[in-house]
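Enquirer: Once you've had a glance at the structure underneath, I'll fire off some questions.
The values are calculated or read from the model by the stated rules, or taken from the named source; none is laboratory data. Owing to the predicted nature of the structure, the values given are computational and were not obtained by experimental measurement. We place every Cβ from the backbone using ideal geometry, glycine too, and count neighbours over all the protein chains shown. Side chains are part of the model used for accessible areas, which takes the heavy atoms of the whole protein and leaves out ligands, DNA and RNA. Shrake-Rupley method; radii C 1.70, N 1.55, O 1.52, S 1.80 Å.
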Amino acid sequence: MTDIHDGLSSSKVEELKLRGLSNIPVGNQSKTIGQIVAGNVFTYFNFVFAIFAGLLIFVRSYNNMTFLPIILLNTIIGIVQEIRAKITLDRLTVVNAPKTKVVRDSYISEIDSTELVKGDVCIFEAGNQLSADAILAEGCVRVNESLITGESDEVIKNKGDILLSGSFVVSGECKAILTNVGHSSYAAKLALEAKAGRKKQQTTMMKSLDNLVKIIGIVIVPLGIIMYVQSHFFLGHSIKNSVVSMVASLVGMIPEGLYLLASVALVVSVRRLAGRKVLVHEMNCVETLARVNVLCVDKTGTITKPEMSVSDVVFCKDNVTDTISMVAGNMNGDNETMKAIKEYFFEHKDKKAERVYSFSSQNKYSGAVIDGHCYIFGAPEYVLLNRYDDYTDIYDRYSDRGERIIVFGECQTDPCGNAIEEPVIPYAFIILENEIRDTAKETFGY
């Protein structure tokens, strides 16, 4: 672990750079323009018509190449749309932090973020964006992680907490040690995934058209030979007339107009989606979207507001309201769940807790020890253990309505902040709900 007061030495920094542990930014991972052009030009569909065109050029029958504009237009449509998507994706940048304060050789300096290395001690203050992942070593900050998680709520970070690259410091100041830099950082992985060129996957419609062309492409080879032999050797037509009549017959067998119609329909759909601020990576996603019959969305932020409120309480024991209020009064109101509980039960601090256990995302509970008794607020499946199934009627009644259930109860033994090993004695089930957003109807309409 790097000393947070002295930072890394210059020699150590050079060593880490040689080991490839510097904060190299993510480059463009999407397909090049050359790859896009090649992918749309060198198709089996185009190959068949290229042979037809070659035969007509060979016999100098240029006026019979009227099918070429359709083929060219179909190819250009695919190229233009993919290049548009590439330009948009290449502009996608999660991290834009050109300078960062860093401690090296006991001195504080401001350097280019690309010069940072793993293990550097950085100083982050209000307004800064993190250019790499870090662990908070000193101080306390409030950060906004909406750019990488989609959640607009500000998060308080204390010593030992993880700071994700791409997040912004809203208030406070801290020293943090970089843990993941360059392509291994969280924001870089997001950008790489978004920009990466995907293996081309065909939808059912386009796959059917391609299979049709392939089957016809195989069948027309012997047919073409038979037609040419019959026209030239049996009917005595010239080579030019024989080739022209053969190509005319074969072109009519291939539905190039259907291909163009499908491409035009996709382009029109893509343009409509773009007008609604939808980023289209590939044209064939339009058909995929047309087949969607179930759309899953995140409830909080999309349908509901992040603020919570207590909608109901199911008591398992009488006269426990004051106990809940007393325990809540000793808890930090740094999350929406506890804020709602404090507001509902009119918190009071008649008795100060001997110990307070902050909420743990691993153990799914928070609690406090008062007068030798340990009380907790927790997720039913994590704190009731083998007694969880005893209360299925409560889960069925509220969970089906999209409400959240929190158990308030007493631990038989103090877990000391570790995982609950014995089922708690439930005093009450607290039912929480999120308020529906005013824009929910508009969102679903969209």
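Enquirer: Let me confirm something: among 264, 213, 170, which residue is in a helix (DSSP H, G or I) and open to solvent by 50 Å² or more (accessible area, probe 1.4 Å)? Can you show your working first?
Expert: Working: 213 fails: open to solvent by 50 Å² or more (accessible area, probe 1.4 Å); 170 fails: in a helix (DSSP H, G or I).
Result of the check over 264, 213, 170: 264.
Enquirer: Which condition breaks for residue 333 when tested against (1) without any contact (Cβ under 8 Å) to a residue 60 or more places away in the chain; (2) open to solvent by 80 Å² or more (accessible area, probe 1.4 Å)?
Expert: (2) is the only condition that residue 333 fails.
Enquirer: Additional query: Filter segment 390-423 down to the residues that are open to solvent by 40 Å² or more (accessible area, probe 1.4 Å), of a type outside the set (D, E, K, R) and within 17 Å of residue 310 (Cα to Cα) and list them by number.
Expert: So the first thing to find is which residues in segment 390-423 are open to solvent by 40 Å² or more (accessible area, probe 1.4 Å), and the list is 390, 392-393, 396-397, 399-402, 404, 412-414, 416, 418-419, 421-422.
Now drop any that are not of a type outside the set (D, E, K, R), which leaves 392, 399, 402, 412-413, 416, 418-419.
Hits for segment 390-423 are 399, 402.
Enquirer: Another question about this same structure. Among the residues in segment 16-30, are any in contact with a Ser or Thr (Cβ under 8 Å, 6 or more places away or on another chain) and assigned to a helix (DSSP H, G or I)?
Expert: Restricting attention to segment 16-30, the residues satisfying the condition of being in contact with a Ser or Thr (Cβ under 8 Å, 6 or more places away or on another chain) are 16, 22-25.
Restricting the remaining residues to those that are assigned to a helix (DSSP H, G or I) gives 16.
Yes - at least one qualifying residue is present in segment 16-30.
Enquirer: Evaluate the following for residue 288: is it over 30 Å from residue 352 (Cβ atoms), among the hydroxyl-bearing types (Ser, Thr, Tyr) and either in a loop (DSSP other than H, G, I, E, B) or in contact (Cβ under 8 Å) with a residue 60 or more places away in the chain (or both)?
Expert: Numbers: over 30 Å from residue 352 (Cβ atoms): yes; among the hydroxyl-bearing types (Ser, Thr, Tyr): yes; either in a loop (DSSP other than H, G, I, E, B) or in contact (Cβ under 8 Å) with a residue 60 or more places away in the chain (or both): yes.
When the stated conditions are applied, residue 288 passes them.
Enquirer: Identify, please: which residue in segment 279-310 is exposed (fewer than 12 other Cβ atoms within 10 Å of the Cβ) and at pLDDT 80 or above and is, among those, nearest to residue 336 (Cα to Cα)?
Expert: 296
Enquirer: For segment 194-204, state whether one or more residues are assigned to a helix (DSSP H, G or I) and within 30 Å of residue 118 (Cβ to Cβ).
Expert: We begin by selecting, within segment 194-204, every residue assigned to a helix (DSSP H, G or I); these are 194-195, 204.
Okay, now just the ones that are also within 30 Å of residue 118 (Cβ to Cβ), so 194-195.
Yes, because at least one residue in segment 194-204 is assigned to a helix (DSSP H, G or I) and within 30 Å of residue 118 (Cβ to Cβ).
Enquirer: Those residues that are among the hydroxyl-bearing types (Ser, Thr, Tyr) and on the phi > 0 side of the Ramachandran plot, I need them from segment 204-239; list them, please. Step through it out loud before you land on a result.
Expert: Within segment 204-239, the subset among the hydroxyl-bearing types (Ser, Thr, Tyr) is 204, 208, 228, 231, 238.
Hits for segment 204-239: nothing passes.
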